[in-house]
Amino acid sequence: MDESKLIDGIKEAAREAGQIMKDAVRPKVMEKSGHANFVTETDERIQEFLIERLTKVLPEASFLGEEEGQDVYTEKMGHGFVFVIDPIDGTSNFIYAYHPSVVSIGLLKDKKPYMGVVYNPYDDMMFESITGMGAYMNGERIMSSDAPLSDSLVVFGTAPYYTELRDETFRIAKSLMDKCVDIRRSGTAAWDMCCVAMGRCSLYFEMKIQLWDYAAAALIASEAGCTVTDIKGNPLSYTGASSTLCRARGVRGIPF
Ligand code: IPD
Ligand code: CA
Ligand code: CA
């Protein structure tokens, strides 16, 4: 298989999907289950577009996509190639025009991360990675920061759909606040990890996100030298939801 042709096809699809996101105006919002869990027509449109386009890029692949309502990684998808896609990561940002939102496309091979593409159309930033081959942003190699936590920004996700995780989320955020320069909350998990990957901040954590939130960005971050695990330091699951902790090169141990 020609890997560079494959990832080029994925990037092209992500770029066009990003353009659809950027061109969309006044999103019609529909509510999903749970606190602030929204979906817009644009989420659905982009997902349809990506499935159609990526099927042409890699016909034998199956799909796990957020807007299909498939939140379990079924046995059918257990082997071979699986595209794990989040058409808009950062739907609330998208609704409120609070940028960025990104397109996230992970490709798993036999249940392991193989390729990852994350595209931020608002700043035209394309992140890509193939396992073992480093991480790139707009064609330039990226590495996570080697600065100590005390000289770094931290970013976190509030796990907004899981109210039972709120106390623990803010306990950890408060404890990190004493150890870093300051804390940020962007509204997109994939973007957060890309920010750690390119050295803008040194740690990202969230108590529960879905496979489509991290399938692409966790690979990009690992290839940029980050340690990406669950919140306790265990390997990330590629079969469902997980807590996530992404640490840049300069962060030693679990600092909370
Ligand atoms: C959400 C974003 C957000 C994170 C949530 C995710 P969505 O994805 O990544 O930053 O805090 O946990 O679910 O719903 O915008 O695709
Ligand atoms: Ca998401
Ligand atoms: Ca989404």
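Before moving on, here are some points about what is shown:
- Stokes-Einstein D in µm²/s, Kirkwood radius over Cα pairs - the chain at 4 °C with 1.567 mPa s viscosity: 72
- Accessible area of the range 53-203 divided out per residue, in Å², using a probe of 1.4 angstrom: 43
- For the chain, calculated [θ]222 nm from helices alone, where every DSSP H run of n ≥ 4 adds -39500 (n - 2.57): -9500 deg cm²/dmol
- Most positive-pole-ward Cα, LEU58, ASN234, THR42, against dipole of the chain from beta carbon charges: ASN234
- Area accessible to solvent at ASP123, 1.4 Å probe radius, in Å²: 90
- Quick note on the range 149-247: its Rg to Rh ratio, both from C-alpha atoms and Rh being the Kirkwood radius, is 0.93.
- For the chain, the relative contact order is 18 percent, taking Cα pairs closer than 8 Å that sit 6 or more residues apart in sequence and dividing their mean separation by the residue count.
- Accessible surface of the range 173-224, 1.4 Å probe, proportion on carbon and sulfur as whole %: 48
- Gaussian network model of the chain, springs between alpha carbon atoms under 10 Å - residue of LEU219, LEU203, LEU245 with greatest fluctuation: LEU245
- The relative contact order of the range 186-256, computed from alpha carbon pairs under 8 Å that lie at least 6 residues apart in sequence, is 37 percent.
The values are calculated or read from the model by the stated rules, or taken from the named source; none is laboratory data. As the structure is a computational prediction, the values presented were derived from the model and not from experiment. So basically every Cβ, Gly included, is an ideal-geometry build from the backbone, and we count neighbours across all protein chains shown. To get the accessible areas, we keep the full protein, side chains included, count just its heavy atoms, and leave off ligands, DNA and RNA. Shrake-Rupley method; radii C 1.70, N 1.55, O 1.52, S 1.80 Å.
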